[in-house]
Structures are given as C-alpha cells and as structure tokens.
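Below: the structure, in structure tokens.
The values are calculated or read from the model by the stated rules, or taken from the named source; none is laboratory data. Not measured: the values here are computed from a predicted model. Positions of Cβ are generated from backbone atoms using ideal geometry, with glycine treated the same way; all protein chains shown enter the neighbour counts. Please note that ligands, DNA and RNA were not included when accessible areas were found on the heavy atoms of the full protein model with its side chains. Shrake-Rupley method; radii C 1.70, N 1.55, O 1.52, S 1.80 Å.
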Amino acid sequence: MGRSRRTLPEELLLLALDPATGTTAQPQSLDLGLAGAQLVELALAGRIAPDGDRIAVVLPRPTGDPTLDSALELLRRRGSPVRAVHWIGGPRLGLRQTYLTHLERCGMVHAVSSQMCGVLPTTRYQATDTAVSREIRARLDNAIRTGVPPDPRTAALAALAHAVGLGKHLYPGNEGRSSRSRLRDLIRHDPMGGLVAHAVMDVQNGVAAQPRRAAPGRGGAGGSGGRSVARSSASQPLPGQSRRGGMARAGVR
C-alpha cells in the first residue's frame, strides 16, 4: 500500500484530534472505531471481505502497513470467518496510542508533554500538517452538503465517525443537528463500513450480535445499508465483556 494516502484508522484519529486541547474526542469508543477502521481498510485493500455478519480473509498477503498486517495475521489465525462484533469487541489495549505514536513518527502530529493539575504527567498531540486534516474534514463536509453519494472510503469514514460519537465533536450545537443527521445517513453508502459501524455501536451498547436473516430477494453481506448485524442479545458475554453486558475496561483507554 502506498503512503500517498492515509489509512482509515489514521484519518479517523485525525478527525477525533481536538486542535485546541491536543486530546482525542470520544476516547473510550475511539479504540473500537479504530479496530473497525482497520477492517474497512483491509477490505478496501482486498485482503478481507464480509461474509454475512462475519469477516473472512480472502488474501493473506501483507499490505506493507505493520499495524494493518498485525490485524490481518490475527484474522488469518482464526482459521474461519469471525463475527465483526466479536472482533471489534476483543481486547484493543493501546490501539489509539499505537496510532498516535505512528502519526508522530510520520510527522503528522507532534507530542507535547505537560502536567494535569500541575502534578500528573500527560501527553497532548498537535497536528503538524493541518492541510491533511482539513482535506479529511472537507471530504465529509462535501458529502454532507451536496448529498452526492461519496466514495466508499469517505462513506466508511462517515459511518465510523458517527459510530464512535464524533458527530457532536465535528458538528456541535443545535446548528449542527442537520449535519449530524446527514452524517449518520451516509452509513448506507458502503456495506462494509455499515457492517463495522453497526458492530462498533453494538459493542458499546453491550449487544452480542446474532446473524441477521437476509430479507426476501436479498443475499450477501447486509442488504441495503450494510446492516448485517442484528440487534439481539445473547446469553453468553463476548470476550472482554462482563456478564452484565458491558465491555470490560481493560482494552479501552
């Protein structure tokens, strides 16, 4: 994969980065979104494909991106297609920090050490190439404003941004209500993005997804809007999930 294009996890993280505070919006759900963005990026690269509400490896050849290839290898080791909600709900310890460190190494962000309340050490991140961040945001704004169906990458980015709750960060207040609604609606333009976005929301809601039955006359992965993930509860908790249905906090920072 060439480096002329940022990957979806990188773009999602840059969208979430607040230029005023140097922190990321929605940090608890962002790791889930980054895991979902990895799946979409691997699908765009032709390495995986949706199989109902599951993810199947179709080409195990490395992409050249170490973080994506690590995810691809883990999927390959599963041996059989894995439900998107189970994959995204698995341990994701430090995924956000992994990508922040990667962006710093690429010169996209700059780490600034400081202290919280004058005592606790903390690190904030400032974007160093604001043109890239503006281009990413402009793609979303253009899709929302024009109503023209976006390309699959932009549609997936919009779906993930909505799934992790970035709508209020990107389009705040009452004046941003219609933009947030249109951001949500963009989820229907990419089946893979829709699949992982709904899986991200299901994990946050503590829902163990079951396979959705195909509507009459429809087959494949998700039908209209890519909604392959059903909203029904299961008796057994997901890996990393408590028996009360909530995600264990060990993998979410």
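Quick look at the numbers
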quantity: Principal axes of segment 33-75: Cα extent on each, largest first, Å; calculated: 27, 23, 17
quantity: Built amide H within the under 5 Å cut-off of residue 55, gap 5+; calculated: 82, 83, 84
quantity: In sequence order, calculated HN-Hα J values of segment 48-58 (Karplus, 6.51, -1.76, 1.60; Hz; x Gly/Pro); calculated: 9, 8, x, 10, x, 9, 10, 10, 10, 7, 10
quantity: Å² of accessible area per residue within segment 50-124, as computed with a 1.4 Å probe and no ligands counted; calculated: 55 Å²
quantity: Förster radius 25 Å - calculated FRET efficiency between residue 59 and residue 151 (Cβ-Cβ, nearest 0.05); calculated: 0.70
quantity: Net length gained if the chain between residue 135 and residue 168 were fully extended (0.36 nm per residue, minus Cα distance); calculated: 9.9 nm
quantity: Net charge contributed by nearby residues that have their C-beta within less than 13 Å of residue 110 (K/R +1, D/E -1); calculated: 0
quantity: Inter-site label distance for residue 177 and residue 205 at 7 Å from Cα along Cβ, in nm; calculated: 2.2 nm
quantity: Equivalent-ellipsoid semi-axes of segment 9-127, from the Cα gyration tensor, Å, largest first; calculated: 31, 14, 11
quantity: Between segment 19-34 and segment 154-171, the alpha-carbon center distance in angstrom; calculated: 12 Å
quantity: Extended-chain gain in nm, criterion 0.36 nm per residue less alpha-carbon gap, residue 110 and residue 49; calculated: 18.5 nm
